[in-house]
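S.K.: Dropping the structure in here first, questions after.
The values are calculated or read from the model by the stated rules, or taken from the named source; none is laboratory data. Predicted model only: the values in this text are computed from it and were never measured. Positions of Cβ are backbone-derived with ideal geometry, glycine not excepted, and every protein chain shown enters the neighbour counts. Ligands, DNA and RNA are stripped out before the accessible areas are found, and what is left, the full protein with its side chains, is counted by its heavy atoms. Shrake-Rupley method; radii C 1.70, N 1.55, O 1.52, S 1.80 Å.
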Amino acid sequence: MTEVRKDIPAISCRDVSVSFGEVSALSDISIDLPLGGIHAVVGQNGAGKTTFARVVAGIVKPDSGSLLINGKKIVLGNVASSRSTGIELVHQSFALPPSFTVAEALEYGSGGGVGFFKKGDLNNRWRRHLEALEMDIDPRHLIQDLPIELQQAVEIARALSSNANILILDEPTAVLSPSGIAGLFKRLRRLRDTGVTIVLVLHKIREIWEIADSITVLRKGKLIDGPMELGRTKPESLTPMIMGAKDFKENISRISDENSDNKVLDQKSISTLPKNKKHALEIDGVSTETTDHEVSLENMSIKVYQDEIVGLADVEGNGQVTLLRVLAGLSDISKGKIKICGQEATHLNLSKRRLLGLRIIPFDRNMEGLSLTSELWENWVASELAVTPLIRWINPMKIKERCKISMSEWDVAYNSPEQKASDLSGGNCQKLILSRELNDEAGMIVAAQPTRGLDIGATNFVWTTLENARSRGCGVLLLSSDLDELFKISDRILVMLSGSIIRELNPPYDLEKAGRAMVGESG
Amino acid sequence: MNEKIEIIIRPLAFILLATILCGIIFEIAGFSAILMFNSILDGAFLGSRSLEKSLRWALPLFITAVGVGISFRCGFFNIGAQGQFYMGSVCAVYVTEYMSGVNAVIVIPLGMIAGMTGGALWSLWPGYLKIRYGVDEVITTLMSNFIAGLILVYVTSGPLKDQSGSGQQASTKILPSELRISDASGVSLTIILITIGVGITGWLLVNRTSFGTLSSLAGRNPTMLKYQGGKIWQLGLASFIISGMLAGLSGSIELFGPSGRVVSGFLPTHGFTAILVALVASYAVIGTAFSALFFGGLFSAALFLPIFTGLPTSAIDLFNAIIALLITARITLGTNFLRNRWSHPHD
């Protein structure tokens, strides 16, 4: 580790501004983050958190301003310069080569990998490194075989293989299950105790409270406050800072119960479902063949009424993905029946199922939901074109006009229908998907992790949208591993384990009971 | 910055960079780069009748390249244009053989339809293998070129061999003049009209139909399209068929036009150059027209190079190869470089 002095801030940036084209991502930010501790940088999507992290890591060169690391001025926009002062960035999505073993990935990622080496030496060296970090990972495993939280751990181990004394993590919890988050936080605390300064880009208030020592709030590229010591602030005062007063008023009711310590969230009285209602979705005894890369479904039955939100609680890896693929007609079923809005759909392909009213909001909005390198209007019109004959005249001008109207109805922040979808922030990407899926013909919505990685404002937007769909008479199946989310909007919750439904929970929900059910304990 | 400007500037940047790199190599090899480029420019565009000679190569290149672009755009790397071109010419020549004596107004269109069908069928089987069994289309289409080349050898030296020929190169009989749509110059109103027709149809297909939009989405992210209920297999088969049809049309035009017959191993680089043409134009139809003209010009200049500069014709291959290398490099390096420059004007 490089020599450090206690009185000098670990990161000190002065008047840093960054703009991308006409959009200002950061304007005149001056922050001093003290040495040691875990510093949370929080804000909504598009607040400039990631840009801040990238400026510090040298990936983005600011238009103006200066940056001091451990008191030393560094060359802006130069990764090597940032790294030489001990800064390492753990990316939002990991860049480890999937076909490498853990040891190979670490060697390659830490700048080695040229020349000859002995496999045994490599494994031993990195095993010691992983053990020193108290990570229980076999260096001989392939990256692609590791669950996502261990991939992230390897990425952290990679970052710490040099003399890193400042570790920046960009949205590290977005990809993790609740138990994975707990593991990550434990790891981060241990690192903090060894003297590493940790900067965490986060947006979930509960997580911030759990882990951070100080909080810095950004909004629309401006510094709102910070770093504030955690003891000096309260969750109630943090939310308006993050959201801005106007948004805050609209969302206040939700946020206050999100942050309440009350573990029993019983806002909904036991719903009185009229039993003569029709089913929007009937999955009847569906099983799938066992394959290497998918958890198989075992005799699964789910019924979703029209105007009902059914939550499907699942620690990831228990068959959510298979179920979604089965509903999308992308995986075959070996037995069982599927009905959509009362119509037999077991052997229909997805475009026919869509015509019956099925809509899918897939897990990964960047890969499955959108084509990021395609233009916005193309993404928007995809579902409409996909179910029509292959060659049909279209008028792109008219489509773009309709797309514009829809974008403003759904409050998507965009510049032009011809811009690439990758230019949109995560929240706006999800709104774009909602605007495409939730038209009047939608009768049954399957939403998979629809708020993953979204900030509070966008999350509330998605929840309200799903609730509105319910009141319009849509059935909603919500696949989620976020219990808060499930409790918030589900009329009832089914717990899934190893490809089967093992329990149904009804309001008022009990966090502990649900948690126990999700890992298969009775009670 | 503006995507549309990028589409124009990028190919120009490739060509400029390739010119500089070529110049350096020529100088090292002891040839005058200036003289070299002067004669290329003369041979391609500036000399008397040189534009016409460039068009002779540019017109068929454009037709084939529009098809290649449609297939690539959809994410299917159909590199079998050369074989599809040969199969088009073979099918067309059989029509002329079996309908000899029938009115040219019937024979020529039928021959072209046969050419398109032949090209489409020759593209269809690798397409089917890809879509049904996931067989890598790059390998099957590449191999299909060699098979088609051998079929061409068989036809020209076997069943349809021109017995009166000198025997230098096996070929079919030269077509009677009423069946020709151009003389050996390869430039005639008919061929230009067909080319324009292909251009307009291709442009409409790409920019004004659901197929165009869906195939672009399929090429960029097929997973997303699957979750929209899109049928990738339909798009894939259609794009294989269309690209085969157009390469086959080129083959039949070559028969009825400049060549007047089918020759064993003729135009051996046509299909591969068409891939470069499409890549340089980023699959945009209008861009393909300019890019085809450029490569057609290079091709025509190559025939004059030995006369004026003492350089072998293969100097042009060097040029093509460098452009191919730059295109490959672009995928990782070029676009990011250009885009970053443009989106951060303050740097």
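S.K.: Hey, can you list the DSSP H helices of chain B whose Cα span along the axis is 20 Å or longer and whose average Kyte-Doolittle score is at least 0.0?
M.R.: Working: long enough: B:3-28 (37 Å, 1.76); B:50-73 (32 Å, 0.79); B:81-98 (26 Å, 0.37); B:104-133 (43 Å, 1.04); B:137-157 (30 Å, 1.50); B:189-208 (27 Å, 1.69); B:232-256 (36 Å, 1.42); B:285-302 (25 Å, 1.73); B:314-329 (22 Å, 1.93).
Those that pass (Cα extent of 20 Å or more, hydropathy at least 0.0) are B:3-28, B:50-73, B:81-98, B:104-133, B:137-157, B:189-208, B:232-256, B:285-302, B:314-329.
S.K.: Taking 0.36 nm per residue of separation and subtracting the Cα-Cα distance, what length does fully extending residue B:207 through residue B:147 add? Before the final figure, lay out each step's value.
M.R.: Details: separation 60, 0.36 × 60 = 21.60 nm, distance 3.43 nm.
So the extension gain works out to 18.2 nm.
S.K.: Nearest 100 Å² is fine: how much accessible area is buried between B and A, summed over both sides, with a 1.4 Å probe? Display every interim value, and only then the final one.
M.R.: Details: alone 16670 and 24210 Å², together 37910 Å².
Roughly 3000 Å².
S.K.: From the C-alpha gyration tensor of region B:7-53, pull out the three semi-axes of the equivalent ellipsoid (sqrt of 5λ each), sorted largest to smallest, in whole Å. Let's see the in-between values first.
M.R.: On the way: eigenvalues 82, 71, 6 Å².
For region B:7-53, the ellipsoid semi-axes come out as 20, 19, 5 Å.
S.K.: Pairs A:420/A:488; A:339/A:488; A:204/A:335; B:53/B:173; A:277/B:231: which exceed 30 Å Cα-Cα?
M.R.: Numbers: A:420/A:488 33 Å; A:339/A:488 27 Å; A:204/A:335 41 Å; B:53/B:173 24 Å; A:277/B:231 34 Å.
Where the Cα-Cα span goes over 30 Å, the pairs concerned are A:420/A:488; A:204/A:335; A:277/B:231.
S.K.: Send over a whole-number figure in Å² for the accessible area per residue of region B:3-343, probe 1.4 Å.
M.R.: Per residue, region B:3-343 has an accessible area of 43 Å².
S.K.: Further question on the same structure: Given a 1.4 Å probe, show me the residues in region B:184-217 buried by at least 10 Å² of accessible surface when comparing the whole protein assembly to the chain alone.
M.R.: B:204, B:205, B:207, B:208, B:209, B:210, B:211, B:213, B:214, B:216, B:217
S.K.: Using the basic label-point model (7 angstrom from Cα toward the beta carbon), what is the residue A:32 to residue A:189 distance in nanometres?
M.R.: 2.9
S.K.: Classify region A:108-231 from the C-alpha gyration tensor, please: rounded if a/c falls under 1.5, else prolate or oblate depending on whether a/b exceeds b/c. Mind dumping the intermediate values first?
M.R.: Details: a/c = 2.29, a/b = 1.98, b/c = 1.16.
Prolate is the answer for region A:108-231, as a/c is 1.5 or above and a/b outweighs b/c.
S.K.: A further question on this structure: Which translational diffusion coefficient, to the nearest whole µm²/s, is obtained for region B:166-211 from the Stokes-Einstein equation, given a Kirkwood hydrodynamic radius over C-alpha pairs, 25 °C and 0.890 mPa s? Display every interim value, and only then the final one.
M.R.: Details: Rh = 13.6 Å.
In µm²/s, the coefficient is 181.
S.K.: Could I ask something else about it? Need one number: convex hull volume per residue for the protein assembly as shown, Cα atoms only, in Å³.
M.R.: In the protein assembly as shown, the Cα hull volume divided by residue count equals 202 Å³.
S.K.: Can you compute the equivalent ellipsoid semi-axes for region A:279-518, i.e. the square root of 5 times each eigenvalue of the Cα gyration tensor, sorted largest first and rounded to whole Å? Walk me through the numbers before you get to the answer.
M.R.: On the way: eigenvalues 174, 88, 51 Å².
After scaling each eigenvalue by five and taking roots: 29, 21, 16 Å.
S.K.: Continuing with the same structure: Just checking the output field for A:496-506: average partner chain Cβ neighbours within 10 Å of each residue's Cβ? Intermediate results must be reported in sequence, preceding the final value.
M.R.: Details: counts 0, 0, 0, 0, 0, 0, 0, 0, 0, 0, 0.
What the average comes to for A:496-506 is 0.
S.K.: Calculate what fraction, in whole %, of the accessible area of region B:28-131 sits on carbon and sulfur atoms when a 1.4 Å probe is rolled over the protein chains. Let's see the in-between values first.
M.R.: Details: 2970 of 4130 Å².
Within region B:28-131, the accessible surface is 72 percent carbon and sulfur.
S.K.: Please list the radius of gyration and Dmax for region A:54-188, considering alpha-carbon atoms only, with Å as the unit.
M.R.: Spelled out, the Cα radius of gyration and Dmax of region A:54-188 are 15.6, 48 Å.
S.K.: Measuring from centroid to centroid over Cα atoms, what is the spacing of region A:170-197 and region A:386-425 in Å?
M.R.: 39
S.K.: Counting pairs of Cα atoms in chain B, how many percent are more than 34 Å apart?
M.R.: Values: 16200 of 60031 pairs.
Every Cα pair in chain B considered, those over 34 Å come to 27 percent.
S.K.: Moving to a separate point now. Any idea how far apart residue B:138 and residue A:278 come out in nm if each label point goes 7 Å out from Cα toward Cβ?
M.R.: It works out to 5.0 nm between the two label points.
S.K.: Using the beta-carbon distance between residue B:314 and residue B:200 and R0 = 56 Å, what value does 1/(1 + (r/R0)^6) give for FRET efficiency, to the nearest 0.05? Write down the numbers at each step before the final one.
M.R.: Details: r = 36 Å, r/R0 = 0.64.
With a Förster radius of 56 Å, E is 0.95.
S.K.: Per-residue mean of other chain beta-carbon atoms within 10 angstrom of the beta-carbon, peptide A:417-426? The partial results should precede the final answer.
M.R.: Values: counts 0, 3, 1, 2, 3, 0, 0, 0, 0, 0.
Mean inter-chain Cβ contacts per residue within 10 Å come to 1.
S.K.: Kirkwood hydrodynamic radius, region B:255-323, all distinct C-alpha pairs: what's the number in Å?
M.R.: Values: mean 1/r = 0.0751 Å⁻¹.
About 13.3 Å, per the Kirkwood formula over Cα pairs.
S.K.: How far apart, in nm, are the 7 Å Cα→Cβ label points at residue B:124 and residue A:8?
M.R.: In this crude spin-label approximation the distance works out to 7.4 nm.
S.K.: A further question follows. Counting only protein heavy atoms and using a 1.4 Å probe, what share of the accessible area of region A:349-424 belongs to carbon plus sulfur, as a whole percent? The partial results should precede the final answer.
M.R.: Working: 1830 of 3380 Å².
Solvent-exposed carbon and sulfur of region A:349-424 make up 54 percent of the total.
S.K.: Right, another one. Looking only at Cα atoms, what is the convex hull volume of region A:371-473 per residue, in Å³?
M.R.: On the way: hull volume 11.3 nm³, N = 103.
It comes to 110 Å³ per residue, whole-number rounded.
S.K.: Give me the number: length gained by fully extending residue A:72 to residue A:209, i.e. 0.36 nm times residue separation minus the C-alpha to C-alpha distance, one decimal in nm. Provide the component values of the computation, followed by the final result.
M.R.: Working: separation 137, 0.36 × 137 = 49.32 nm, distance 3.10 nm.
Length difference between fully extended and current span is 46.2 nm.
S.K.: Please work out whether region B:1-146 counts as rounded, prolate or oblate from its C-alpha gyration tensor, where a ≥ b ≥ c are the square roots of the eigenvalues and a/c under 1.5 means rounded, while otherwise a/b larger than b/c means prolate and anything else oblate? Mind showing how you got there, number by number?
M.R.: Numbers: a/c = 2.29, a/b = 1.44, b/c = 1.58.
Oblate shape, in that a/c is at least 1.5 and b/c is the bigger or equal ratio.
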